[in-house]
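The values are calculated or read from the model by the stated rules, or taken from the named source; none is laboratory data. These figures come from a predicted structure and were not determined experimentally. Virtual Cβ from ideal backbone geometry, glycine too; neighbours counted across all protein chains shown.
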Amino acid sequence: MSKNKKRTPVVPDNMTLKEASRFWDEHSFLDYDDVQEVLFDVDLKKEIHYFAVEKDLAKEIHELAQRRGVTPETLVNLWLQSKLTEGA
């Protein structure tokens with residue numbers, strides 16, 4: 001590849017529908033013009049469960065998630081998975 005040729009960015013794998021929607025809100029299909037096909041592994045049957053969180057705690061979670069570049073849902077799921085693994 002020549003130095004002048006723009007490298008096509010990589011489309012992340014295994015995005016949820018919400019993540020894919022957010023990704024394409026922030027990116028252009030034109031950036032992927034040399035890719036013939038963009039595939040998504042989106043699980044439309046994924047269940048969502050809601051848990052009550054104190055207002056101040058929710059605010060901190062949202063702020064930390066934004067600083068880390070992930071959704072609050074992803075951040076909380078990673079924390080919970082880690083905590084459950086520790087207890088196993």
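If you go through the stretch 14-30 and pick out every residue that is at pLDDT below 75 and more than 17 Å from T71 (Cα to Cα), you end up with 1. Taken over the stretch 31-54, the residue count meeting the criterion of being closer than 22 Å to L78 by Cβ and either in contact with a Lys or Arg (Cβ under 9 Å, 6 or more places away or on another chain) or modelled with pLDDT of 75 or more (or both) is 8.
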